[in-house]
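The values are calculated or read from the model by the stated rules, or taken from the named source; none is laboratory data. These numbers come from a predicted model, not from an experiment. FYI the Cβ positions are ideal-geometry reconstructions off the backbone, even for glycines, and counts take in every protein chain you see. Areas reflect the complete protein model, heavy atoms only, side chains present, ligands, DNA and RNA absent. Shrake-Rupley method; radii C 1.70, N 1.55, O 1.52, S 1.80 Å.
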Amino acid sequence: MSTQSLARDVRRRKRRGVTGGSGAFYAFISPWLIGTVLLTLFPLGYALWISFTNWDGIAPNQNWIGLKNYTDALSDPRMWASLQRTGLLALAIVPITICGGLGLALLLNEKVHFRTGLRMLVYLPAIVPPVAATLTWKLLFDRDSGAINGVLAIFGADAVSWMSGNTVFVVLLVVMLWGIGAGVLINLAALQDVPAELHEAARLDGANAFMAFWHVTLPSISPVLLFQVITTTIGVLQTFVPALLLSPANGPAAITAVPEANRIFMVDVYAQYFAYSKYGYASAMLWLFFLVILLVTIITFKIGGRTVFYAVDPSKEGKEG
């Protein structure tokens, strides 16, 4: 066989191998690809189209009105009020979740008695379904028969109407913090991944426990903390189910009966969809909210990225190969 024939045969086999590999690759990812297109990209595109119409969810016609929904939303004081309440919720929940989760993880990382059982008890609330957890806390905070007011009565305090006024926001905070154990588990795994020789070197240099935590532990787990800040912030901003279930009414009336203190952004969007049948307006609100979440995420990356320590520089890792 000549050299040219051998080279052609090698190229033919390479092309066949590449084609076969690509076919197998796309066959394996096809369920995810189809799901992404049908359940993510198509709904996003359809919601974007709806946001430029005045569709009420029932009429067959979707009349194009351009940017009117967006301008109406930006000039609506109720939307800004719900966005402000959502921001306050995030400012309260995110720091407590991150700091509290890290503190509990540090305690559970120590060699104490019943450590495995304590870890299980801390993580157990995180696996309780949000609906069940919210309804349970709603019963506990009930004014007449709730256990919380029962405990307050022991100390001579008057019964508190937790489910009305601004106090219902406190109940929402408790429900949101109920699942802090998920962050504890992630932090615990990150703490156990910190090299022991770094702590040993810090101890030999005369560092106390706080200095070792500040200069060794915290930088080592900073990527994990940044990940939690971003995911927790996005999750809190999208909070919906607990706020809706804490409504004093049940059924369809619960949408409009949500107390003003708990009328956060997603509750407002839900009401626009299913209580007022403003599908176009609600879709525009969702797209504006998407831009807000995107902006918050970018800012968090920019600010947090400066304080994150990576053992391997991700920007240079690929170039070294």
Scanning segment 150-166 for residues that are free of Cβ contacts under 8 Å to residues at least 24 places away in the same chain and under 24 Å from Ile93 (Cα atoms), the one surrounded by the fewest Cβ atoms within 10 Å (Cβ to Cβ) turns out to be Ser161
Quick check: anything in segment 72-81 touching a residue at least 12 places away in the same chain (Cβ under 8 Å) and of a type in the set (S, T, N, Q)? no
If I ask for residues that are of a type in the set (Phe, Trp, Tyr), surrounded by 14 or more Cβ atoms within 10 Å (Cβ to Cβ) and outside any loop (DSSP other than H, G, I, E, B), which ones from segment 50-82 would you list? Tyr70
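Going through segment 179-217 one residue at a time, which ones are part of a helix (DSSP H, G or I) and open to solvent by less than 40 Å² (accessible area, probe 1.4 Å)? Step through it out loud before you land on a result.
Going residue by residue through segment 179-217, those that are part of a helix (DSSP H, G or I) are 181-192, 196-204, 209-217.
Gly181, Gly183, Val184, Asn187, Leu188, Ala190, Leu191, Ala202, Ala212, Val216, Thr217 - these are the residues of segment 179-217 that are part of a helix (DSSP H, G or I) and open to solvent by less than 40 Å² (accessible area, probe 1.4 Å).
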What are the pairs, 6+ residues apart or on separate chains, where a residue within segment 211-222 that is under 12 Å from Ala196 (Cβ atoms) has its Cβ under 6 Å from a residue that is part of a helix (DSSP H, G or I) and open to solvent by less than 40 Å² (accessible area, probe 1.4 Å)? Ala212/Ala202; Val216/Ala202
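Select from segment 129-149 the residues that are of a type in the set (Gly, Ala, Ser) and open to solvent by less than 60 Å² (accessible area, probe 1.4 Å) and write down the one among them that is nearest to Asn250 (Cα to Cα).
Per the stated criteria, the residue is Ala132.
Only one of Leu135, Leu89, Leu139 is under 28 Å from Ala275 (Cα atoms) and within 17 Å of the chain's Cα centre (by Cα). Can you tell me which?
Among Leu135, Leu89, Leu139, only Leu89 is under 28 Å from Ala275 (Cα atoms) and within 17 Å of the chain's Cα centre (by Cα).
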Looking only at segment 129-147, decide whether some residue is acidic (Asp, Glu) and within 25 Å of Leu191 (Cβ to Cβ). no
Given the conditions (1) over 19 Å from Ala243 (Cβ atoms); (2) assigned to a helix (DSSP H, G or I), and given that Glu110 satisfies all but one, which numbered condition is not satisfied? (2)
Report yes if some residue within segment 92-101 is closer than 17 Å to Pro242 by Cα, surrounded by 13 or more Cβ atoms within 10 Å (Cβ to Cβ) and of a type outside the set (Val, Ile, Thr); otherwise report no. yes
Subset of segment 251-304 (residues that are within 21 Å of Leu91 (Cβ to Cβ), over 20 Å from the mean Cα position of the chain (by Cα) and open to solvent by less than 40 Å² (accessible area, probe 1.4 Å)): Val258, Pro259, Ala261
Looking for something among the small types (Gly, Ala, Ser) and closer than 18 Å to Arg85 by Cα - is there at least one such residue anywhere in segment 182-195? no
Those residues of segment 221-248 which are buried (at least 19 other Cβ atoms within 10 Å of the Cβ), of a type outside the set (A, V, I, L, M, F, W, C) and assigned to a helix (DSSP H, G or I) amount to Gln228, Thr232, Thr233, Pro242
Tally the residues that are among the hydrophobic types (A, V, I, L, M, F, W, C) and touching a residue at least 60 places away in the same chain (Cβ under 8 Å), restricting the search to segment 93-132. 11
Could you say which residue among Asp193, Asp205, Asp142 is among the acidic types (Asp, Glu) and within 25 Å of Cys99 (Cα to Cα)? Asp193
